[in-house]
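Undergrad: Can you read through this structure? Questions will come right after.
The values are calculated or read from the model by the stated rules, or taken from the named source; none is laboratory data. This structure is a prediction, so every number in the text was calculated from the model and none was measured. As a convention, Cβ positions derive from the backbone with ideal geometry for all residues, glycine included, and neighbour counts pool all protein chains shown.
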Amino acid sequence: MKITLIFTLLSLLGLVNCTDYKENLIVETWWINSSKFDCTGVAPMSCLQIQKGEIIDSEKWEFFYSTIEGFEYQPGYIYQINVSVEDRPAPVPADASSKTFKLIEVISKEIDKSLRITNIWKVVEVGEIKNPVSFKSKEALIFEFNATAKTYFGDAGCNSIRGSIKENDGEKLLLGPGATTMMACPDMSVEQAIGKALTDCRKYQIENNHLLLLNEEGKVLMKFMAVD
């Protein structure tokens, strides 16, 4: 009888402890961005970017300076995960977070379509102009788009042009106004056509190793071919 009573009490205590643990455990749902970025914590490092919420907002990514126990990150994918957040037992090292983070489950893992534009591209058509070449070198015009850095850079025929990628979700594409060098050339028609195409671009498609910049109505403004 005494043994049974003791066993019952121990079982009840175990249930209480288990319940307390679950009540004190914080579980959060995070999005993990498809690339790591240079950041500075105690020292320069490479950080994940995370955000919370049901829908990803490209303006709300924030650096995550710690680690997630059990999470195996692979660049090029956007993750949605459940994470447990707990207080780190004292004493907390000076260079460590006051919290510990553990992966509970990976809810989704999707290829980041916005990264497809990252490449070196040759201009094969802009407006009515086909296979334009550089005024100086007489070689094909080359552009580089970098989705992670959110930048583009290229040869516009007479001058080089550099700008930012303001919006890119794998289909929509909005480019910031480009800064150019200031050389004057006898024929500026190619450069003017490229500048207009970049300004009017609202969408893009990538198919058969070609990149197409489109306006709002879906008209092709500029066509590239992948160099590598």
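Undergrad: What number of residues within segment 91-103 satisfy the criterion of being of a type in the set (Asp, Glu) and either part of a strand (DSSP E or B) or without any contact (Cβ under 8 Å) to a residue 12 or more places away in the chain (or both)? Give the steps one after another, and end with the answer.
TA: Of segment 91-103, the ones of a type in the set (Asp, Glu) are 95.
If we keep only those that are either part of a strand (DSSP E or B) or without any contact (Cβ under 8 Å) to a residue 12 or more places away in the chain (or both) too, we end up with none.
Count: 0.
Residues checked against (1) surrounded by 14 or more Cβ atoms within 10 Å (Cβ to Cβ); (2) of a type outside the set (D, E, K, R); (3) not assigned by TED's automatic domain parsing to the domain that holds Trp121:
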position: Ser160; (1), (2), (3): yes, yes, no
position: Leu173; (1), (2), (3): yes, yes, no
position: Pro177; (1), (2), (3): no, yes, no
position: Pro186; (1), (2), (3): no, yes, no
position: Lys196; (1), (2), (3): yes, no, no
position: Asp200; (1), (2), (3): yes, no, no
position: Leu211; (1), (2), (3): yes, yes, no
position: Leu214; (1), (2), (3): yes, yes, no
position: Leu221; (1), (2), (3): yes, yes, no
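Undergrad: A further question follows. Just the residues that are among the aliphatic types (A, V, I, L, M) and in contact with an Asp or Glu (Cβ under 8 Å, 6 or more places away or on another chain), please, taken from segment 50-107. Working first, answer last.
TA: Quick first cut of segment 50-107, residues among the aliphatic types (A, V, I, L, M) only: 50, 55-56, 68, 78, 81, 83, 85, 90, 92, 94, 96, 103-104, 106-107.
Matches in segment 50-107: Ile50, Ile78, Ile81, Val83, Val85, Leu103.
Undergrad: So Ile68 clears everything in (1) surrounded by fewer than 14 Cβ atoms within 10 Å (Cβ to Cβ); (2) modelled with pLDDT of 95 or more; (3) not hydroxyl-bearing (Ser, Thr, Tyr) except one condition, right? Which one?
TA: So Ile68 meets the others, but not (1).
Undergrad: Quick one: what pairs do we get from segment 56-78, first residue assigned to a strand (DSSP E or B), second exposed (fewer than 12 other Cβ atoms within 10 Å of the Cβ), C-beta under 6 Å, 6+ apart or different chains?
TA: Note: pairs meeting the criteria are Ile78/Glu110.
Undergrad: If you don't mind, another one. Could you grab me the full set of residues in segment 25-44 that are part of a strand (DSSP E or B) and closer than 23 Å to Thr118 by Cα?
TA: Our first condition is that a residue be part of a strand (DSSP E or B); within segment 25-44, this holds for 26-32, 37-40, 44.
Correct list: Trp31, Ile32, Phe37, Asp38, Cys39.
Undergrad: Still on this structure, please answer the following. Report the residue count in segment 128-165 for those that are under 23 Å from Ser46 (Cα atoms) and either in contact with a helix residue (DSSP H, G or I) (Cβ under 6 Å, 6 or more places away or on another chain) or not aromatic (Phe, Trp, Tyr) (or both). Steps first, please.
TA: Step one: filter segment 128-165 for residues under 23 Å from Ser46 (Cα atoms), giving 145-152, 164-165.
Now restrict to residues that are either in contact with a helix residue (DSSP H, G or I) (Cβ under 6 Å, 6 or more places away or on another chain) or not aromatic (Phe, Trp, Tyr) (or both): 145-151, 164-165.
Of the residues in that region, 9 qualify.
Undergrad: So, in segment 96-140, how many residues would count as being surrounded by 12 or more Cβ atoms within 10 Å (Cβ to Cβ), more than 30 Å from Thr181 (Cβ to Cβ) and charged (D, E, K, R)?
TA: 5
Undergrad: Consider only pairs whose beta carbons are under 9 Å apart and that are at least six residues apart or on different chains; among these, list those whose first residue lies in segment 197-212 and is farther than 13 Å from Asp169 by Cα and whose second residue is surrounded by 15 or more Cβ atoms within 10 Å (Cβ to Cβ) and of a type in the set (Ser, Thr, Tyr).
TA: Leu198/Tyr152; Leu211/Tyr204; Leu212/Tyr204
Undergrad: Now for a separate question. In segment 55-97, how many are among the charged types (D, E, K, R) and in contact with a Lys or Arg (Cβ under 8 Å, 6 or more places away or on another chain)? Break it down into steps so the answer makes sense when it comes.
TA: Step one: list which residues in segment 55-97 are among the charged types (D, E, K, R), which gives 57, 59-60, 62, 69, 72, 86-88, 95.
Right, trim to in contact with a Lys or Arg (Cβ under 8 Å, 6 or more places away or on another chain) and you get 69, 86-88.
Counting residues in segment 55-97 that are among the charged types (D, E, K, R) and in contact with a Lys or Arg (Cβ under 8 Å, 6 or more places away or on another chain) gives 4.
Undergrad: If Val126 passes every condition in (1) outside the structural domain of Gln192 (by TED's automatic domain parsing); (2) within 30 Å of Gly154 (Cα to Cα); (3) touching a residue at least 24 places away in the same chain (Cβ under 8 Å); (4) among the hydrophobic types (A, V, I, L, M, F, W, C) but one, which one does it miss?
TA: For Val126, the exception is condition (1).
Undergrad: Sticking with this structure for a sec: For a quick check of your reading: which strands (runs of 3 or more DSSP E) sit entirely within segment 104-201 and have at least 3 residues that are in contact with a Phe, Trp or Tyr (Cβ under 6 Å, 6 or more places away or on another chain), acidic (Asp, Glu) and under 30 Å from Asp57 (Cα atoms)? Let's see the steps before the verdict.
TA: On the way: elements: 119-126, 142-146, 151-155, 160-168, 173-175.
Where strands (runs of 3 or more DSSP E) fall fully within segment 104-201, none carries at least 3 residues being in contact with a Phe, Trp or Tyr (Cβ under 6 Å, 6 or more places away or on another chain), acidic (Asp, Glu) and under 30 Å from Asp57 (Cα atoms).
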